[in-house]
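Enquirer: Handing you this structure, nothing more for now.
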Amino acid sequence: MVTDIGGRRLTFSEEFDNHELDPAVWSPHYLPAWSSRAHTAATYRISDSCLHLSIPPEQPLWLAGEHSALRVSGIQSGNGSGAVGSTLGQQPPFDGAVVREHQPEFRGWTPAGGYLEIRMRATVSPRSMFAWWMVGLEDVPERSAEICVAEIFGDTITSSTSAAVGTGLHPFRDPSVVDDFTTTVLPIDVSDFHDYAVEWTPDAVEFYVDGTFVRRCINPPTYPMQMMLAVFDFPERSNGADDDLVPEMVVDHLRGYA
């Protein structure tokens, strides 16, 4: 049973104990406004109390044409957009992007602070990556900043069992947030489970891996943000003999504490 820890009160717990995602919390799509729900559906399964996000060889490109080619399986705890043809939507993939499919407002778990943690592992190659980040709901364009808790590209993983873990802030269209993002090489094997966490207050965000402090950023966004969990594949980075590889991100739990 999950309990309060270190004087913190448990406010949210996703243990992936059911066979399907809770539709009141999760949407199994990645930024569908810029494409469509049909073309952004995640490939996933839940087994052994873990969420498995994967990208099989037959999974199509997320958005062909105007954007660098990528394939993705992701889930998010919020969604919404303006009308078709408008520019109002979450994390537009390029300047001038317009909504292709209207997304009704959806709000699952959207905290505005606290101690948040995920336990996850991944199998990725030099052409793939996985991440957990949070973004503003963009109900107004200024509420668009990002808190990236862990972003790991496969080409940063070394034979000496280390990886570069990206953490920090991106302002996007929020003028009150300063871009502060970097990678830190840590002695971890990302194919094993590790705990990635952020302590989020109005003054700062502090990032941790397996309980060890990594870095601190000041003046983060203070508005509600939605969770983004995803594994990515970049076919243009192929070495010509790796099209059969299946990137996978496995999440054991996601929790929030006040």
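Enquirer: Tell me yes or no: at least one residue of the range 87-100 is open to solvent by less than 10 Å² (accessible area, probe 1.4 Å), in a loop (DSSP other than H, G, I, E, B) and in contact with a Phe, Trp or Tyr (Cβ under 6 Å, 6 or more places away or on another chain).
Expert: Yes; the residues of the range 87-100 include at least one that is open to solvent by less than 10 Å² (accessible area, probe 1.4 Å), in a loop (DSSP other than H, G, I, E, B) and in contact with a Phe, Trp or Tyr (Cβ under 6 Å, 6 or more places away or on another chain).
Enquirer: For the range 224-246, give me each residue that is in a loop (DSSP other than H, G, I, E, B), in contact (Cβ under 8 Å) with a residue 40 or more places away in the chain and surrounded by fewer than 17 Cβ atoms within 10 Å (Cβ to Cβ).
Expert: Ser238, Asn239, Asp242, Asp243, Asp244, Val246
Enquirer: Now for a separate question. Among (1) more than 19 Å from Val135 (Cβ to Cβ); (2) among the hydrophobic types (A, V, I, L, M, F, W, C); (3) crowded, with 18+ Cβ neighbours inside 10 Å, which single condition is Val205 missing?
Expert: Going through the list (1) more than 19 Å from Val135 (Cβ to Cβ); (2) among the hydrophobic types (A, V, I, L, M, F, W, C); (3) crowded, with 18+ Cβ neighbours inside 10 Å, Val205 breaks only (1).
Enquirer: Now a separate question. Looking only at the range 154-162, decide whether some residue is without any contact (Cβ under 8 Å) to a residue 12 or more places away in the chain, out of contact with any His (no Cβ under 6 Å at 6 or more places or on another chain), open to solvent by 40 Å² or more (accessible area, probe 1.4 Å) and not in a loop (DSSP other than H, G, I, E, B).
Expert: Looking for residues that are without any contact (Cβ under 8 Å) to a residue 12 or more places away in the chain, out of contact with any His (no Cβ under 6 Å at 6 or more places or on another chain), open to solvent by 40 Å² or more (accessible area, probe 1.4 Å) and not in a loop (DSSP other than H, G, I, E, B), one finds at least one in the range 154-162, hence yes.
Enquirer: Follow-up question, since we're still on this one. Take the residues of the range 168-179 that are in contact (Cβ under 8 Å) with a residue 12 or more places away in the chain and open to solvent by 50 Å² or more (accessible area, probe 1.4 Å): which is nearest to Pro141 (Cα to Cα)?
Expert: Going through the qualifying residues, I end up with Arg173.
Enquirer: Can you report the number of residues in the range 88-134 which are under 15 Å from the mean Cα position of the chain (by Cα) and at pLDDT 95 or above?
Expert: 18
The values are calculated or read from the model by the stated rules, or taken from the named source; none is laboratory data. As the structure is a computational prediction, the values presented were derived from the model and not from experiment. Every residue, glycine as well, gets a Cβ built from its backbone with ideal geometry; the counts of neighbours run over all protein chains shown. The area values use the complete protein model at the heavy-atom level, side chains included, leaving out ligands, DNA and RNA. Shrake-Rupley method; radii C 1.70, N 1.55, O 1.52, S 1.80 Å.
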